[in-house]
Amino acid sequence: MNKMNRREFIRTGTAGLVGLSVAGAGVVNGGCTPAADRTLVDRIKLGHSGLTVSRIAMGTGSIGGNRSSNQTRLGMDNFVKLAHHAYEQGIRFYDMADSYGSMPYVGEAVKSLPREKITLLSKIWTFENGSEQIQPVEKELDRFRKEAQTDYFDILLMHCMTQGDWSQTRTHYMDALSKAKQDGIVKAVGISCHDINALNEAAVNPWVDVIMARINPFGSKMDGTPEEVNAVLEKAQQNGKGIIAMKIFGEGTHVSDPEREQSIRYAVREGNVHCMTLGLESEVQMDDAVERVMRAVKG
């Protein structure tokens, strides 16, 4: 199959099944296999965080920023439909961020779902020493909970750490999130990494419960080579950190049929991660990913 760029993959996902080749039972006679006949996404312990999560999280930040993303640009009704479809496939993990503007969308989607069966993750943007924050962290978390229509978050991450000294420059946020954890507002804390030095610090820092890290077999949009990142993630796992893979398709640069298969198998079988977040934008894309992930899990 010829390499398909990201735009073409998105168009395929919304227009139908043309161009998607799914081995096994994922696509039958031009339609998706009924949910009752599908293998649902399994659940896995997220390191020593105390959480058990679905192996796939529904990402909500594709081409995200300025409080919007490809997922929010679907519109509320279509987003809710996609989020409910995820739940039906066993994806009970929703990955949000303030900068994506996705919390109100997820909040609307999950208000009819049993809270105890889902995992909600969000991310807070930070500034050095909290000096430029608009609101105190406590008020920001109150807003987050209101937008997401939840009393608590299972995971709250400091978003997009790009320097190795984040644990010295973000103590204001770390202290506030630790208090939120004590108060039951969040269950686990950590960071999303966009720098190898930040990742190295997260792997050993006792404050961190959960790490979100960029990993794929191609080294695209990553913080080092796959071998370098994998070695750090192995150390992080040994230290009990929960590891969530992101950018497993290299931020949409590797979405041909064989590349998707290779990326998912790498994350599942070689990537030293517990689970992955996928920024899917249609039911077809979601079903394809679920089928591939579970096939990789089974060997």
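A few remarks follow.
- Cross-link table Lys45/Lys241; Lys117/Lys241; Lys123/Lys179, entries beyond 18 Å C-alpha to C-alpha: Lys117/Lys241
- Most to least accessible of Glu227, Glu140 (protein chains only, probe 1.4 Å): Glu227, Glu140
- Antiparallel content of DSSP bridges confined to the chain, in %, to 5: 20
- Cα-based values for region 177-273, radius of gyration first and Dmax second, are 14.1, 46 Å.
- Cα-based values for region 217-299, radius of gyration first and Dmax second, are 12.5, 37 Å.
- Probe 1.4 Å, protein heavy atoms only - accessible area per residue of the chain in square angstrom: 42
- Average silhouette area of the chain, convex hull of alpha-carbon atoms, in square nanometres: 14.1
- Projecting the Cα atoms of Ser102, Ala86, Gly65 onto the dipole axis of the chain, where Lys and Arg carry +1 and Asp and Glu carry -1 at the beta carbon, places Ala86 farthest toward the positive end.
- Among Asp257, Asp142, the order of accessible area from largest down is Asp142, Asp257, computed with a 1.4 Å probe on protein heavy atoms.
- For Ala57, net neighbour charge (Lys/Arg +1, Asp/Glu -1) across residues whose Cβ lies under 10 Å away: +1
- Legend: helices of the chain (whole DSSP H runs) are marked when their alpha-carbon atoms reach 24 angstrom or more along the helix axis and their mean Kyte-Doolittle hydropathy is at least 1.0; nothing is marked.
- Heavy atoms of Lys221: accessible area, 1.4 Å probe, square angstrom to 10: 100
- The trypsin sites (Lys or Arg not before Pro) of region 33-88 that meet both conditions, a loop assignment by DSSP and at most 14 other Cβ atoms within 10 Å of the site Cβ, are Arg67.
- The residues packed around Asp98, meaning those with a beta-carbon under 13 Å from its beta-carbon, carry a net charge of +2 if Lys and Arg are +1 and Asp and Glu are -1.
- Relative contact order of the chain: 23 percent, from C-alpha pairs under 8 Å at least 6 residues apart in sequence.
- For the chain, calculated [θ]222 nm from helices alone, where every DSSP H run of n ≥ 4 adds -39500 (n - 2.57): -11000 deg cm²/dmol
- Dipole size of the chain about its Cα centre, with +1 on Lys/Arg Cβ and -1 on Asp/Glu Cβ: approximately 480 debye, rounded to the nearest 20.
- Magnitude of the charge dipole, region 95-248, Cβ model with Lys/Arg +1 and Asp/Glu -1, debye to 20: 400
- Per-residue SASA entry for Ile134, accessible area with 1.4 Å probe, Å² rounded to 10: 150
- Calculated from the alpha-carbon coordinates, region 105-264 shows an Rg and a Dmax of 16.5, 47 Å respectively.
- Charges were assigned to the Cβ only: +1 to each Lys and Arg, -1 to each Asp and Glu. The resulting dipole of region 249-294 about its Cα centre is roughly 260 debye.
The values are calculated or read from the model by the stated rules, or taken from the named source; none is laboratory data. Treat the numbers as computed from the prediction; the structure is a model and nothing was measured. Counting neighbours? That spans all protein chains shown, and the Cβs are built from the backbone with ideal geometry, glycine included. These accessible areas exclude ligands, DNA and RNA; they are computed on the full protein's heavy atoms, side chains included. Shrake-Rupley method; radii C 1.70, N 1.55, O 1.52, S 1.80 Å.
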